[in-house]
1. Report, in deg cm²/dmol and to the nearest 500, the calculated mean residue ellipticity at 222 nm for the chain, where each DSSP H run with n ≥ 4 adds -39500 (n - 2.57) and the sum is divided by the residue count.
2. Would you mind working out the magnitude of the charge dipole of region 165-226 relative to its Cα centre, with +1 at each Lys and Arg C-beta and -1 at each Asp and Glu C-beta, to the nearest 20 Debye?
3. Please give the residues of region 137-162, grouped as numeric ranges, whose backbone N is less than 20 Å from a label point set 7 Å along the Cα-to-Cβ vector of Trp9.
4. Quick one: which residues, 5+ away or cross-chain, put their amide H under 5 Å from the amide H of Arg177? H built at 1.01 Å from N.
5. Nearest-5 percent of antiparallel DSSP beta bridges in the chain?
6. What is the distance in Å between the Cα centroid of region 3-25 and that of region 150-226?
7. At 1.306 mPa s and 10 °C, plugging the Kirkwood radius over alpha-carbon pairs of region 20-225 into Stokes-Einstein gives what diffusion coefficient in µm²/s?
8. Give the long-range amide H neighbours of Cys149: residues separated by 5 or more places, or on another chain, with amide H under 5 Å away, using H modelled in the peptide plane at 1.01 Å from N.
Amino acid sequence: MSNSTLHNWQPAQSPSAATLVGHYVRLEQLDPTRHGDDLWPALQGPEADPQMWQYLGYGPFAERAEFDRWLASHAAHNDPLFYTVLDRASGKALGLLSYLSLAPQHGSIEIGHVCFGHALQRSVQATETIYLLARYAFELGNRRLEWKCDNLNLRSRRAAERFGFSHEGVFRQHLVRKGRNRDTAWFSLLDHEWPARQRTFELWLAAENFDAQGQQRQSLTALHAG
């Protein structure tokens, strides 16, 4: 498709604050007043993963007031547009993430600022969260969904690959984060690739893919490869 003419191209729509509902999670626009009491322990308290902050441009936070100011600053913008991840069974907020780098005129959008507490990491809820955001991104008419991370962030790189994104390369000396260099790894998922990825996400998320102990019968990586 490179350098080819796009027939009947229409710019994508920008994402709204609409709630995205799955079987396991509900994604709501970040509201510090309603979500802050859950997010504080999930992201900064005993339930938090201290390694999560290592590659982010902010945090960790020593005090709740500082954390609340950080949440409020994110809630005030549409790019990035932050969503809180709520567990549907308990109603608790488990983490947050965003769309960013919105370029509807080019049909491009990114998922980033992923802040997941221990309870959300490597869970069915986490996978469904990415599925819901990816599905909505392509429903809006985007051609390209991006995922970027520090090239040293092996967990994020492996997550991108597991979710079906393709590695495109590394931007060397791309950013400075917390006084250190960041080489940025770029990944993408394209609109013509999404139908197959959507099918495998849905196969993985289906109840019959899990045994009585909640263990997966087939991995998402294997389903993508199949």
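1. Using -39500 (n - 2.57) per qualifying helix, the result is -9000 deg cm²/dmol.
2. It comes to approximately 520 debye.
3. Those under the cut-off are 137-147.
4. Here Arg182 satisfy the definition.
5. 90 percent
6. Here the two parts' Cα centres lie 19 Å apart.
7. Calculated translational D: 90 µm²/s.
8. Under 5 Å from the amide H of Cys149: Ala185.
Each value in this text was obtained by applying a stated rule to the coordinates, not by laboratory testing. All values reported here derive from a predicted model rather than from experimental measurement. Counting neighbours? That spans all protein chains shown, and the Cβs are built from the backbone with ideal geometry, glycine included.
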